[in-house]
1. Grab the Cα-Cα distance for ALA35 and GLN172, subtract it from 0.36 nm times how many residues apart they are, and report the gain in nm with one decimal.
2. What is the chain by shape, rounded, prolate or oblate, if you read a ≥ b ≥ c off the alpha carbon gyration tensor as root eigenvalues and call it rounded for a/c under 1.5, prolate for a/b larger than b/c, and oblate otherwise?
3. Under a crude label model (7 Å from the Cα following the beta-carbon direction), how far is ARG192 from ALA266 in nanometres?
4. Taking the Cβ-Cβ separation of ARG200 and GLN226 as r and a Förster radius of 30 Å, what is the calculated FRET efficiency to the nearest 0.05?
5. Please state, to two decimals, what the Cα-based radius of gyration of the stretch 187-294 comes to when divided by 2.2 N^0.38 Å (N = residues).
6. What's the ranking of 4-11, 234-241, 164-171 by average number of surrounding C-beta atoms within 10 Å, highest first?
7. Would you calculate the separation in nanometres between label points at ILE100 and ARG67, each defined as 7 Å from the Cα along the Cα-to-beta-carbon direction?
8. In deg cm²/dmol, rounded to 500, what helix-only [θ] at 222 nm does the chain give when every DSSP H run of at least 4 residues adds -39500 (n - 2.57) and the total is split over its residues?
Amino acid sequence: MNIPELMAAARAGSIRAAGRLLTLVESPRRAEVLAEIAHTPVRVVGVTGPPGAGKSTTIASLVGVYRRQGLRVAVLAVDPSSPYSGGALLGDRIRMAAHINDPDVLIRSVATRGHLGGLAEAVPAAIRLLAALSYDLILLETVGVGQSEIEIAALADPTLVILNPGAGDAIQAAKAGLLEVADLIVVNKADREGADQTVRDLHAETDAPVLTLSAVRGDGLSAVVQAIEAHHRTDTPTRRTARARSQILSLAHTRLRIHPDLDALAASVAAGHIDPYTAAERLLPTSNGATPAP
Ligand SMILES: Nc1nc2c(ncn2[C@@H]2O[C@H](COP(=O)(O)OP(=O)(O)O)[C@@H](O)[C@H]2O)c(=O)[nH]1
Ligand SMILES: [Mg+2]
């Protein structure tokens, strides 16, 4: 099947065709797929946090809520240990099982190591594709370590940061820069000791709303859903512009990192033939650049 045929099949409800298209947007054929689709706005909710905090469990619960609202939901998991990719404990698989058999739920693990600059390029393309395939809401799971979740947070509105009760965890999350990307903070596993203290610790570190949740029991779930709605409703042009700016910067950064001249320029700088300023100018010429184009 060619791309327009796959699009038609996916629009008619073929999860397989949608999966093939998602594979294509992670491949060097991404541009061919993107050329076939118009830009459609879609809601993206980001869920990040440390491994084991309960991101996947929370997402499974949210999917249940959104399905009861009649929404078509897609889950993109950029967490290599997420249950969708097989590293799951049995309980998680069981929780997700209902959704796995639901034709209006698409669950997809995004390859974390990849071609064409990896995540920063693959995820926005996947989101655009899913929007064109009439998904109403996309849940994006990323592990809260490193740069990737910052890039990913730029795509989502809101970004939820999932943490757990625990002494010092709030300060650790703050130090790791995790609270900076948070629009909403969810202290999950509130069925355990210490959730209230962790909420107090978090209030000392951030102005973002902090909620408690037991994703396994469902306690606090509707408040989380309401907070997501409230945040989405209060989205502003300024916030949209800030997210767009982050997205542009991360795509541009990726392009520079995979620039075909980068290695040769680095070798020239290392060998002392040119200085790093000249190399940077050749990589990304400025209109008033000191170095004329060769
Ligand atoms: N006690 C308790 N355990 C939970 C809760 N939510 C998730 N878990 C467990 O925490 C573990 C990690 O959950 P998972 O959703 O895979 O975390 P992720 O790595 O952040 O995606 C699993 O064993 C879950 O069953 C909760 O609300 N309470
Ligand atoms: Mg997970």
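1. Details: separation 137, 0.36 × 137 = 49.32 nm, distance 4.32 nm.
Difference between extended and current length: 45.0 nm.
2. oblate
3. 4.0 nm
4. Working: r = 22 Å, r/R0 = 0.73.
Working from the Cβ atoms, E equals 0.85.
5. Numbers: Rg = 24.1 Å, N = 108, 2.2 N^0.38 = 13.0 Å.
This ratio for the stretch 187-294 stands at 1.85.
6. Details: 4-11: 15.5, 234-241: 10.1, 164-171: 17.2.
Ranked by mean Cβ neighbours within 10 Å, highest first: 164-171, 4-11, 234-241.
7. Using points 7 Å along Cα→Cβ, the separation is 1.3 nm.
8. -14500 deg cm²/dmol
All of the numbers you see were taken from the coordinates with simple rules; none came from a lab. It should be emphasised that the depicted structure is a prediction, and the values quoted were computed from it without experimental measurement. As a convention, Cβ positions derive from the backbone with ideal geometry for all residues, glycine included, and neighbour counts pool all protein chains shown.
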